[in-house]
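Chemist: Here you go, one structure.
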Amino acid sequence: MKLLKEEILSKGIVLSDGVLKVDSFLNHQINPILSLEMGKEFVKRFHSEDPNTKVLTIESSGIAPAFTTALELGVELVFARKKKSLTMNDNVYTADVYSFTKQETNTITVSKDFITESDRVLIIDDFLANGQAALGLAQIVEQAGGTVSGIGIVIEKSFQPGRQVLLDAGYKVESLARIESLKNNEVRFVDETVL
Ligand code: 5GP
């Protein structure tokens, strides 16, 4: 997605060979115009005969692109909680997710009220590294007896195994920007564009 790649090239900060910081438009401050375009693009890429009935993401950075996707689809958005809220009872689905950036395991939680066996769920997340967050979300949909219609990622680091992990598990994966390398402080996209 051209607009997103331009934003990454102009505002992304390469922190190391493995980590990209995009706090100025995705992870801390949010660009609403870009988020709206992401939602439209995800809906285009996941268009299918069987309509999606829910969008599922994980707090907090997945919420903006997942929200605009849900808005475009005309369905509700559910976000998994990383910490169980005091107001949540035990009527929940959970999955353990190892965090690539925080290097710790979080138990993510979704109320059983919000995903059911009749749901076709489009999963959206901000980054794809090792695929653990997306797999945890998919496990929750499957615990509910629902169907994962696909996994949409804003920024995929294609030099890490996440995409293959998700494909091997049988999911359709669409990423709006695919990064081949962050070496030498350069963002290199899979299609060979160089910063
Ligand atoms: P995975 O579960 O695929 O290993 O990692 C995905 C999660 O880790 C994303 O939800 C995102 O929060 C975080 N993440 C992974 N790599 C990066 C990165 O390079 N930059 C940022 N900002 N977050 C990342």
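Every number in this text was worked out from the coordinates using simple rules, so none of it is lab data. Since the model is a prediction, treat every value here as computed from it, not as a measurement. Backbone-built Cβ (ideal geometry, glycine too); neighbour counts: all protein chains shown.
Chemist: Ranked highest first by the average count of other Cβ atoms within 10 Å around their residues, in what order do 5-13, 67-75 fall?
Modeler: Working: 5-13: 16.4, 67-75: 19.2.
Those peptides, ordered most packed to least, come out 67-75, 5-13.
Chemist: Order these peptides, 20-32, 96-108, by their mean beta-carbon neighbour count within 10 angstrom, highest first. Before the final figure, lay out each step's value.
Modeler: Details: 20-32: 16.4, 96-108: 14.0.
Listed from highest to lowest mean packing, they are 20-32, 96-108.
Chemist: Quick check: pseudo-label points 7 Å beyond the Cα along Cα→Cβ at residue 21 and residue 85, how many nm apart are they?
Modeler: About 3.0 nm separates the two model spin labels.
Chemist: Next question, about the same structure. Go through 159-166, 171-178 and give me the packing order, highest mean Cβ count within 10 Å leading.
Modeler: Values: 159-166: 18.1, 171-178: 19.9.
Taking the mean over residues of other Cβ atoms within 10 Å, the ranking is 171-178, 159-166.
Chemist: Between 0 and 90 degrees, rounded to the nearest ten: what's the tilt of helix 132-143 against the longest Cα principal axis of the chain?
Modeler: On a 0 to 90 degree scale, this one is about 20.
Chemist: So for the chain, what percent of the C-alpha to C-alpha distances run longer than 31 Å? Don't skip to the end; give the middle numbers.
Modeler: Values: 2470 of 18915 pairs.
Value for the chain: 13 percent of Cα pairs lie more than 31 Å apart.
Chemist: What FRET efficiency comes out for the pair residue 60/residue 164, r = Cβ-Cβ distance, R0 = 35 Å, nearest 0.05?
Modeler: Details: r = 27 Å, r/R0 = 0.76.
That gives a FRET efficiency of 0.85.
Chemist: Which pairs, out of 40/82; 11/172; 5/183; 21/172, put more than 22 Å between their alpha-carbon atoms? Let's see the in-between values first.
Modeler: Values: 40/82 27 Å; 11/172 29 Å; 5/183 17 Å; 21/172 26 Å.
Check vs 22 Å cut-off fails for 40/82; 11/172; 21/172.
Chemist: Taking the Cβ of each residue in 88, 38 as the centre, tally the other Cβ atoms inside 10 Å and list the residues starting with the fewest. Before the final figure, lay out each step's value.
Modeler: Numbers: 88 13, 38 27.
Going from sparsest to densest Cβ surroundings: 88, 38.
Chemist: Determine which lysines satisfy two conditions relative to residue 83: a Cα distance under 23 Å, and not lying fewer than 8 residues away in the same chain.
Modeler: Here the lysines satisfying the reach criterion relative to residue 83 are 54, 102, 112.
Chemist: Next question. Give me the dipole magnitude in Debye, nearest 20, for the stretch 81-180 about the Cα centre, with unit charges on the beta carbon: positive for Lys and Arg, negative for Asp and Glu. It would help to have the intermediate numbers written out before the result.
Modeler: Details: 11 positive and 13 negative charges, 44 e Å.
Roughly 220 debye, rounded to the nearest 20.
Chemist: Report the net charge of residues surrounding residue 90, where surrounding means a beta-carbon distance below 13 angstrom and charges are Lys +1, Arg +1, Asp -1, Glu -1.
Modeler: Details: positive: 84, 112; negative: 113.
Summing Lys/Arg as +1 and Asp/Glu as -1 gives +1.
Chemist: Once you have the Cα-Cα distance between residue 143 and residue 130, take 0.36 nm times their residue separation minus that, and quote the gain in nm to one decimal.
Modeler: On the way: separation 13, 0.36 × 13 = 4.68 nm, distance 2.14 nm.
2.5 nm is the gain from fully extending residue 143 to residue 130.
Chemist: In addition: Estimate the FRET efficiency between residue 103 and residue 191 by the formula 1/(1 + (r/R0)^6), using the beta-carbon distance for r and 30 Å for R0, to the nearest 0.05.
Modeler: Working: r = 31 Å, r/R0 = 1.03.
After rounding, the FRET efficiency stands at 0.45.
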